[in-house]
Amino acid sequence: MKFKKLIVVAILLISNTVVSQITGIIQDTSDNYPLEYATAALYNQADKSLVAGVITNIDGVFVIDNLKNGHYYLEASFVGYTTKTIPNITISKGNKRIDLGVIKLVLGNELNEVEIRAERSTVINKIDRQVFDSKNFQNSQGGSATDVIKNLPSVSVDGLGDISVRGSKGFAVLINGKPTQGDASSILAQLPANALEKIEIITAPSAKYDPEGKGGILNIITKEGATNGIFAQVNVRGGFPSIEPYDTQVAAHRYGIDATINSKTDKWNLSFGTSYQRNDKTGRREGELYIVNQAEDRQTFLPSDGERSFDDISYNGRFTVGFTPNKKDEFSLGFFAGKHTKDRLADITYYDNHAISPIGSGSRDYTFSYYNHNLRTRKGDFVLGSFDYGHTFDNTSKLSTSFLYEYTFLGGPTYNDNVDTPAYGVVYQQEYNTNDNPLNGTRFNLDYKWKPFSFGTLETGYQFRNLNHEGEFIYERDDVVVPEFSSNIELKRTIHSGYGQLTGTKDKWDYAAGVRLESMDRIYTEALVSDTEPNEYEYDFVKLFPSASLQYSVNDDTKIKAAYSKRVERTTTLKMNSFAEREHSEVFEQGDNRLLPEFIDLVELGINKKFNNNTSGYATAYYRHVNNTINRVNTLAYESNGAVIDSILNRVYSNVGKSNAIGLEFGAQFKAAKNWSNFIGANFYNYDIDGKFVFRHRDGIIRDYDVNSSNTIYSLNVNSTYSFWKNATLQFTFNYLSETNTAQGEDSQFYSPNLTFKKSFLDSRLVATLQWQNIDMGLLKSNEQSIATSRPDEFYTYTNYVYEVDMVTLNLSYTFNKVKNKSKFIESEFGKKEF
């Protein structure tokens, strides 16, 4: 009898200590972004004693195991965020597993009596990405998204304004996590910098992302209200007159205005923004070209000099409506429309043009000078519309759907007039060509995420993408259509893909592994306007794109990570258009109708280290291998009969073989003094191209050229900020790009120093930012870059672009309904160390 009583007592004790579990997800309420290393602390409701505490994983998920029956409350916290308490949590015999769902934290601790001043961390390192705070780059205020991202360590911008990520101009752009299918540079140029909250660089994306982009992914996160109420902000920018006129015909104009309004309630979140920006740039172009005509034993020289300036105008409107009727359902409707026009004026004098025959004799066949008026207008108008729905089930699994439609109109005419100089009264030739090419794109996603295992979360999904891009190219000479240069083209691309991925956390390990299966069908057609039947070129593939990433926490301050990702860089329509377009007086530009996509293998190994509260850093070694590398190369231009054209080169986009990049990227943020904070990012890599370039002339001429180029390249971005007092800072930034090798030559170094003074007034409602961009003062060669290409015994070309320096602008930003409470912002990515 006593034995049975003992058994009953033992069973009762065991039943009271059965392993129970509390789980949940901690997110940033402003953008629903998971907070890694946030703290979940569980307390006994009776005596308020601490029972257990854990930190979240990369997905913001926390799990507290081995809990006894009882009454508890939980506090969710993260450095710089308001702590949130979840009361009345009861664990009982019939309720052993409790899911608290999504817990959203608001940035800023509400302290009415104590003012806490801290700085936002410039970069937060995660297992698969780097997250940069756009507010730390004051020199970009009033500009565009391009002005922000050029400060990031992985990114460089050259003299032509082309953006590269780890030396690659191929990268994908997401806006708030949604892919775009148009021209990345055009879209970034239209997004106002003041509307940006964060920028994420995902260099080795996982399988759940589309594999497009050999440089990875740039995810642009725009501002959104974090607390209930109405938020409104207006920014006005004005530029001072140019200090250096560069003998331009029309002075540059720089001014703009943008506004953001957000209204948030418990269920609704409405955001509206609009922007108008004019950002002209003056400058000059100095050139030299010679062409060797071996067949006729003649060498032609074309030195040139003249204006090269830009009139850059963009305006857009955007709105987002979010609706959360309950804890399980989320709806979102987004719209973004913009117009962008960029006029590039190149009024060039070709002086002392002459031909020597025979080669090397010094005997001139002729000497000739003329003036070339070249105005190229490029339009990038686009409309994006999206609808998203997400449903969270009782078991915390989530189903998400997303639909996006994009319309982009690219195009604009080019005027190319050759006249006498210096009289300008005699017109030798007038040319006009346009390239209207509208793009229609649709994307549909269906994703499901659940946690069937204790060791990880499974994600799976399907994506459909469709692109239809048409182009009409009309070429006129002296008001007469030239049929051999006028054409119609069309690119149709359909992609079906599905993926599966496992992510999880175990002890000190974070891991993710997955694979994406993709089927792509591409049909490209082109025809001269005089052709009755178009030529059609088909290409398709079915490929696997695996990915994997692993991170190990040595301790709270040190993390080591490794990743692999297989990518693809798809061909654009214009790079496939094999019909020549007159780009300059001495240049035809064309593509290759058989152009293959690039396939990329990327491996990286990195370490993140926090040394103390003021100093942290990271370093990432990477290797990128590319098959079917696409490069723009020069070749001799030919008449239809095969004769060399003495004064014109062909610029052709083509596959040139294989390329490899082996590099080291690192960044460090530190305080040199109490009020002096710094961020330095650098990227060093060796880049080599090895292969063959094959030129196929439409009249049957085929020539092949060996390509072999190698160089060590590095870029440096410095951001140094000194705080005079609580409402005034002075920031110096420096962007540097070393000499860069191409398939046929080298681009020179390019650098830009900038200085910004920022002062706030009226309890920080009004912020004034005075910017001095491209500091030069006649002592440096800021904002200047030369490009040289050559092929022995065929041609040599050198072009030096000298763009405007010492540009001064003033940006004023006023915020309505600003929260008066001061905030303590994120200091680092490592969270609290309470336990």
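A few notes on this one:
- Computed extension length for K492-L596: 36.0 nm, one decimal, from 0.36 nm per residue of separation with the Cα-Cα distance subtracted.
- Vicinal HN-Hα couplings computed from phi for region 401-409 (Karplus, 6.51 cos²θ - 1.76 cosθ + 1.60; Hz; Gly/Pro x): 10, 8, 10, 9, 10, 9, 10, 10, 10
- Given K150/K198; K198/K281; K169/K781, the pairs whose alpha carbons are separated by over 18 Å: K198/K281; K169/K781
- Computed from backbone phi, the HN-Hα couplings of region 239-246 come to x, 6, x, 4, 7, 9, x, 6 Hz, rounded to whole numbers (Karplus: 6.51 cos²θ - 1.76 cosθ + 1.60, θ = phi - 60°; Gly and Pro given as x).
- Net +/- balance of residues flanking L737 in space, Cβ distance below 9 Å, scoring K and R +1, D and E -1: -3
- Per-residue ³J(HN,Hα) for region 162-167, Karplus 6.51 cos²θ - 1.76 cosθ + 1.60, θ = phi - 60°, Hz, x for Gly and Pro: 6, 9, 10, 10, 6, x
- Theoretical gain in end-to-end length, D478 to K328 [0.36 nm per residue, Cα-Cα removed]: 47.4 nm
- Rg in Å to one decimal, and Dmax rounded to a whole Å, for region 537-586 via C-alpha atoms: 21.5, 62
- For the chain, the longest principal axis of the Cα atoms and the long axis of helix 2-16 meet at an angle of about 30 degrees.
- Neighbours of L780 by Cβ distance under 14 Å: Lys/Arg scored +1, Asp/Glu scored -1, total -4.
- If R0 is 22 Å, the Cβ-Cβ spacing of A788 and I243 corresponds to a FRET efficiency of close to 0.15.
- Other residues whose C-beta falls under 11 angstrom from the C-beta of S357 contribute a net charge of -2, scoring Lys and Arg +1 and Asp and Glu -1.
- Remark: relative contact order (region 145-816) = 11 percent; criterion is Cα-Cα distance under 8 angstrom and separation of 6 or more residues.
- The fewest-to-most ranking of R278, R443 by surrounding Cβ atoms within 10 Å reads R278, R443.
- Going by neighbour counts of Cβ atoms within 10 Å, the residues K342, K150 line up, fewest first, as K342, K150.
- Between region 513-577 and region 36-92, the Cα center-to-center distance that results, in Å: 43 Å
- Residues of type aspartates and glutamates that K84 reaches as a straight line, Cα spacing below 14 Å, ignoring anything fewer than 8 places off in the same chain: D28, E75, E110
- Equivalent ellipsoid, the chain (semi-axes from 5 times Cα gyration tensor eigenvalues, Å): 54, 30, 24
- Exposure proxy ranking, count of Cβ atoms within 10 Å, fewest first, for I199, I25: I199, I25
- The chain: calculated mean residue ellipticity at 222 nm from DSSP helix runs of at least 4, using -39500 (n - 2.57): -1000 deg cm²/dmol
- Among beta bridges from DSSP that stay inside the chain, the antiparallel ones total about 95%.
Quick note: the coordinates plus some simple rules give every number you see, no bench work behind them. Note that this is a predicted model, so its numbers are computed, not measured. So basically every Cβ, Gly included, is an ideal-geometry build from the backbone, and we count neighbours across all protein chains shown.
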